[in-house]
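So the structure is just underneath, and the comments pick up after that.
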Amino acid sequence: MYLALLVIFLHCSELYAQERVFTFNMVEIKVQPSVKVKNGAPMSIICHADISKKNDFQLSHNFTIFKDGKLVFMITSDKGEARYGIPVARSSDTGLYECAVEAGGKTKSSKSLHVWVTGLTKPILTAEKKEVLEGEVVKLRCELPEEASPLYFVFRKIKMNSKPNEKHVSESHRNFSTVEFSVEEEDNILHFDCLVRRLVNLELETSEPSNRTLVTVKEPFIKPTLKAKPSSNITEGDRIQLECSTVVARMHDIEIILQKNRTILNSVRDEKLLKYSAVATLEESGEYLCKVEQGRASKTTKLNVVVAELFPKPVLTASAIKLDENKELTLSCSISGFRKANFSILRKNSNGDIWFKNSRNLTMRVHVNDTGSYICKAEVKGIVKESKPVRINVYAPVSKPTLSVVSGLPEVVLGKPLQLICRSVMGTPPITFKFYKGNEIKKTVVNDTYAVFLDENIRRNDKGGYKCDARNDHSSGMKTSNILNITVIVPIRNASLGSNPYGEVEDGSDTAFLCSVKEGSWPIHFKIFKKTDHEVLLFEKSENADRILWRKEAMSRQDTGTYYCIASNRANVDVKSHPITISVVLAAWQKGVIAAFVLIPIAGAIALTLWWFLFKKKTAQRPSMEMSGSALATNLTSEKLTRQNNDGDYYSRSGYIEDGENHMKSTDENKGPDLESAEVEYTEVEVSTLDPHRAPVQKGTETVYSEIRKANNENTRAS
């Protein structure tokens, strides 16, 4: 029974699940009344889910609303729509809204919707004090309780008939801000307000001004009074007295200061009155300022004082302003339209003016040290005035200048600049120097005692003609130096080294080395080196020539090596030649001696060997000579003739071979039995000797003796 009930329950559940089929068609978000809402108005965010169902059944929905990605509202409902109501919309409600709906394990989100709440609420301004003293500060606070940051605050200080003074403060994390305004002189009744700005969608929104706050200002002291006695218009020599006073509510830490052209003349502290007195001069004319300070409070008063001139400044005149030494100078001091004064004449000096005479006029014979600026002073009723300075220059004549080369010697290397100095030992500066090259002025210099000239265009033929002259304002005029001749040094160019003999040198012989240059000024310093592991100096000498010859005697095998030379002159540039190689070999007689010592023993050994060989051979052949005499003689003769014919053309003196007498001798006594019938035959043959270079034939007679030994049996067959 239980099994049957379980089967029925599962079947019913399956049928129930098959009946709860649905799908989301769309989820959307809307705003009422619109996406742009005025600040303070009501606003509703509506999330709607469009769902399709297979059958009509109840479905629970979970609605979630987000603003700028943050959860702001969540509700569960059986309906397909949810509403998020905002009774009073503020600018902080501006943002990007979206919603999500979850039902039956399925979730779907809407698209994003931007909502803009326009405008800002009216800010609230409060002041810390309603009544302040001059010099104090007013502390203000401006806030928007219902708005969110970031906000930009503008505070304004408003005075009658003047432009408001503004202060700006940016707040990134607060919806309020504070600021301080100082209370200045003449601030009596002040009004303050503030307004707030905010950037939304790249547009700047501004709130309406806040409530206006009134602040009353009290004076800690009254504006000071400045007076001049006897009056503000006085004459030079009179005594002037200035008084500055004020009325103060609280005598504590108060100060009175008197100024003229920012210079403090006098000051008092914790007093109500300041006095200042002086003898009036033209310099006392101008604007005076009295300032009273207490804490931050400050008030000022100005007074213009005019001092009339008692007498004008004196005028100093001179008989001449440029004089030769030992000339007479007259100085005169005068005041236009005024003669009753005490005069004095002085010369200006950094350590104090030098007094000359208490008089209107001064006459004196001047020297060079009298050069300077002269003034005269006039005194009337204690007022002293000074004239403008007059410059007096006393000149000593220049001495004859000397012209020289800065480096010392009167020479210059070709291609290098030449620096000359012209100096005048005596003479009052400034001195005008002129440099000449030939008759052409090259440079003019004004200096005290010397001048320098740089000639950068030196040519090979520039040898002289430099001079200079010097002059100042002395009446003696110009002085000219002696003419300076300059030696132009041509640098060494292309050094070369040669030798005789060149290349190979016999041992014990002499070798001549020649070092020469293509060009260069004399004298030239020559050096000859041999190159080994280090440089070895063999020879050096200075010559007024472009070459030098050095002979090295008795060369040896140790002198084999590489040689080069270096040439230099006063241009101080060493020029090195290309190296040459010298090989020292054996002399001819040394070779002969070596050959004699080597070849004579060899020849002796060869001769001894040949003699021994022939001796042994002769000893061995003597018994058989007679046995083979006839046949051997015939073969020798035939071989001799055949060799001569093969060597070249054969010519006879008479064109034929002449047979000689045949001599037959008996050898029966000394020969064996087989040679008893042998005969010896001698033949005289005329032959021609060939020239080794195939020249015309040289003829001569040569007798060839052939021993012809005939056996008896052969003679018998011949007959």
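The values are calculated or read from the model by the stated rules, or taken from the named source; none is laboratory data. Only a predicted model underlies this, so the values are computations on that prediction, with no experimental measurement involved. Quick reminder, even Gly has a Cβ in these numbers, built from the backbone with ideal geometry, and neighbours come from all protein chains shown. Heads up: the accessible areas ignore ligands, DNA and RNA and are worked out on the full protein's heavy atoms, side chains in. Shrake-Rupley method; radii C 1.70, N 1.55, O 1.52, S 1.80 Å.
Under a 5 Å amide H cut-off, with hydrogens placed 1.01 Å from N, residue 135 pairs with 183, 184 among residues at least 5 apart or on other chains. Placing dummy labels 7 Å off each Cα toward the beta-carbon, the span from residue 241 to residue 544 is 10.1 nm. Taking 24 Å as the straight-line reach from the Cα of residue 377, the lysines in range (excluding those fewer than 8 positions away in the same chain) are 313, 322, 340, 348, 357, 385, 388.
If R0 is 30 Å, the Cβ-Cβ spacing of residue 446 and residue 318 corresponds to a FRET efficiency of close to 0.80. Lysine pairs in segment 25-75 with alpha-carbon atoms under 29 Å apart, 8 or more places apart or on different chains: how many are there? So the count works out to 9. Taking Cβ atoms as reference points and 9 Å as the exclusive limit, the residues near residue 205 contribute a net charge of +1, counting Lys and Arg as +1 and Asp and Glu as -1.
Counted by Cβ distance under 12 Å from residue 482, the other residues give a net charge of +2, where Lys and Arg count +1 and Asp and Glu count -1. Translational diffusion of segment 9-145, estimated by Stokes-Einstein from the Kirkwood radius over alpha carbon pairs at 4 °C in a medium of 1.567 mPa s, is 70 µm² per second. Take 539-546, 399-406, 431-438, 596-603 and order them by the average number of nearby Cβ atoms within 10 Å per residue, most first; the result is 431-438, 399-406, 539-546, 596-603.
In units of the rule-of-thumb radius 2.2 N^0.38 Å, segment 153-198 shows an alpha carbon radius of gyration of 1.28. For a paramagnetic label modelled on residue 35 (point 7 Å from Cα along Cα→Cβ), amide N atoms under 15 Å away belong, within segment 79-104, to 94-99.
Placing R0 at 22 angstrom, the Cβ-Cβ distance between residue 44 and residue 76 gives a FRET efficiency of 0.75 after rounding to 0.05.
Using C-alpha pairs under 8 Å with a sequence gap of at least 6, the mean separation divided by the residue count of segment 71-155 gives a relative contact order of 23 percent. Distance from the Cα centroid of segment 71-92 to that of segment 160-185 is 39 Å (rounded to whole angstrom). Protein-only accessible surface at a 1.4 angstrom probe places the residues 177, 34, 172 in the order 172, 34, 177, largest first.
What number of lysine-lysine pairs in segment 426-555 show an alpha-carbon separation below 25 angstrom, given a sequence spacing of 8 or more or placement on distinct chains? Summing the qualifying lysine pairs gives 29.
Ligands, DNA and RNA aside, residue 219 has an accessible area near 100 Å² when probed at 1.4 Å. If R0 equals 60 Å, the separation of the Cβ atoms of residue 56 and residue 118 corresponds to a calculated FRET efficiency of about 0.85.
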